[in-house]
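Read the structure below first, then the notes.
Derivation of every value follows stated rules applied to the coordinates shown; laboratory data play no part. Fair warning: this is a prediction, and the values are worked out from it, not measured in the lab. Every residue, glycine among them, receives a Cβ derived from its backbone with ideal geometry; neighbour counts consider all protein chains shown.
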Amino acid sequence: MEKRTKILLEHVPHSLNYGTTMMAINFINFFKDKNVDIFLDTQNIEDISRLKESCEYSNIYKDSFFKRRKNKFIRIFYKLFIQPFVLRKYDYIFILGGDDLSEYYGRLLFFINALSMMMYSQKRKRLFLLGQSVGPFTGINKLIAKILIKNSNLYTRDTYCSEYLRNNLKINYFKEMKDLAFLDLPFQKNERIDILNKYNLEESKYISIVPSGLYKSYTLNYNTYLKNWIQVIETLLENYPKEKILLLAHVVSSDSSSDINIIEDIYSSISFEKRKQIVKIITPILPVEARYLLGNSIYTITGRMHAAVSTFQMYKPAISLSYSIKYKGVIGDLGRNDLIIEASNNNIWEEYLVKEKILDKIKYLKENYTSIIKEIKESIDITKKEVEKNLNEIKEIIKRKEK
């Protein structure tokens with residue numbers, strides 16, 4: 001009987017963040033095999049069902065160890081003293097890419113996560129940090145990051161982070177990679193997808209808008225954040241009377257990070273007459289359907305980076321409202337820094353400058369649309385090949401370890 005390989009894929013807490021789920025789907029789709037069991041840290045069995053449907057693969061399971069623990073100190077205790085030992089049962093552990101190797105969500109949070117990962121990374125270097133935005137770090141976290149990276153298999157997801165590692169941390173024991181979401185999703189080219197018909201949308205006759213629910217990443221004043229978005233959408237409705245506006249939630253979870261509330265507040269602030277021009281999607285759909293919606297619009301305006309990734313992936317342009325260096329890294333590597341708006345400055349929201357900055361980008365897009373589309377296609381085709389090459393290299397590493 002052939003040995004079964006047990007893989008844990010971490011940082012997929014649910015299937016309602018389409019960006020994270022797209023990365024998970026592409027990972028599973030690449031590594032699925034009859035002798036491979038893939039476990040996730042997702043919270044609900046419904047999420048496993050959605051992933052199975054998206055991948056057409058049955059060997060996907062929920063690890064029951066990962067569950068919500070309301071008390072902060074209990075969560076930290078489990079993270080540091082229980083989790084590293086529970087996870088010894090896995091042959092390989094993959095931490096799915098994001099901002100986990102950075103201090104964007106707090107110095108202490110990185111410190112705790114890194115210590116936990118260090119404790120279960122040592123055996124056979126079985127820990128893979130996949131498609132990560134890395135740094136910047138301060139104080140003792142610089143040393144912690146160096147030790148963690150040395151004892152794991154790190155794959156950065158953009159050139160900017162790779163340069164930070166080489167120039168600031170003075171290390172080079174890592175590999176460069178692109179975001180997993182740049183790959184085609186399973187069934188992406190299936191012409192039977194009828195999501196456009198379901199919402200009465202026509203290809204290239206609508207504009208996709210993805211306002212992020214993470215408003216505090218931009219400004220502390222929610223009302224100011226909301227009013228800026230309303231200004232943007234009302235201007236688009238006026239400037240594009242024949243096109244529809246798609247308001248798409250890219251994160252539809254029930255927590256504070258969800259895009260649902262901001263979309264509901266925007267929609268309710270638009271006059272009843274103008275709402276006829278708006279299509280609002282806040283209920284869960286499959287990630288491939290979300291990508292299909294984004295990629296068939298004229299262009300996307302988004303506060304969610306992976307909504308931009310999906311738009312580019314289908315050879316369409318996206319204007320991104322950036323709140324972290326990951327935009328410059330992931331989207332900049334496509335050569336599209338020209339479509340990024342640095343929006344984490346509170347002043348541009350308080351002074352209601354967001355609309356003008358977006359309109360400037362739209363004007364630039366309209367003047368250069370054909371050439372930009374051509375450049376996007378060239379960049380995406382190269383990027384997809386690079387991701388496939390990286391994943392094949394990881395497969396070979398695992399094969400060698402299994403011998």
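What's the exposure ranking of V232, V387, going from fewest to most Cβ atoms within 10 Å?
Working: V232 23, V387 20.
Listing V232, V387 from fewest to most nearby Cβ atoms yields V387, V232.
Which of W229, W349 comes first, and how do the rest follow, when ranked by fewest Cβ neighbours within 10 Å? The partial results should precede the final answer.
Numbers: W229 26, W349 21.
Ranking W229, W349 by Cβ neighbours within 10 Å, fewest first, gives W349, W229.
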Counting helices only, and only those DSSP H runs with n ≥ 4, report the 222 nm mean residue ellipticity of the chain as the sum of -39,500 (n - 2.57) divided by its residues, in deg cm²/dmol to the nearest 500. -14000 deg cm²/dmol
Return the single residue from I25, I245, I76 with maximal mean-square fluctuation; model: Gaussian network over the chain, springs between Cα atoms under 10 Å. I76
Work out the length of the dipole vector of region 337-393 about its Cα centre, built from +1 on the beta-carbon of each Lys and Arg and -1 on the beta-carbon of each Asp and Glu, and round it to the nearest 20 debye. 260 debye
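Treat the count of other C-beta atoms within 10 Å as a stand-in for reagent exposure and order C55, C161 from fewest to most. Don't skip to the end; give the middle numbers.
Working: C55 21, C161 24.
With the fewest neighbours first, C55, C161 line up as C55, C161.
If I stretch the segment between S58 and I112 completely, what's the gain in nm (0.36 nm per residue apart, minus their alpha carbon distance), one decimal?
Numbers: separation 54, 0.36 × 54 = 19.44 nm, distance 3.33 nm.
That pair, S58 and I112, stretches by 16.1 nm at full extension.
If we sort 265-278, 6-19, 127-140 on the protection proxy, mean other Cβ atoms within 10 Å, highest first, what's the order? Working shown, then result.
On the way: 265-278: 13.4, 6-19: 22.4, 127-140: 20.7.
Order by mean packing, descending: 6-19, 127-140, 265-278.
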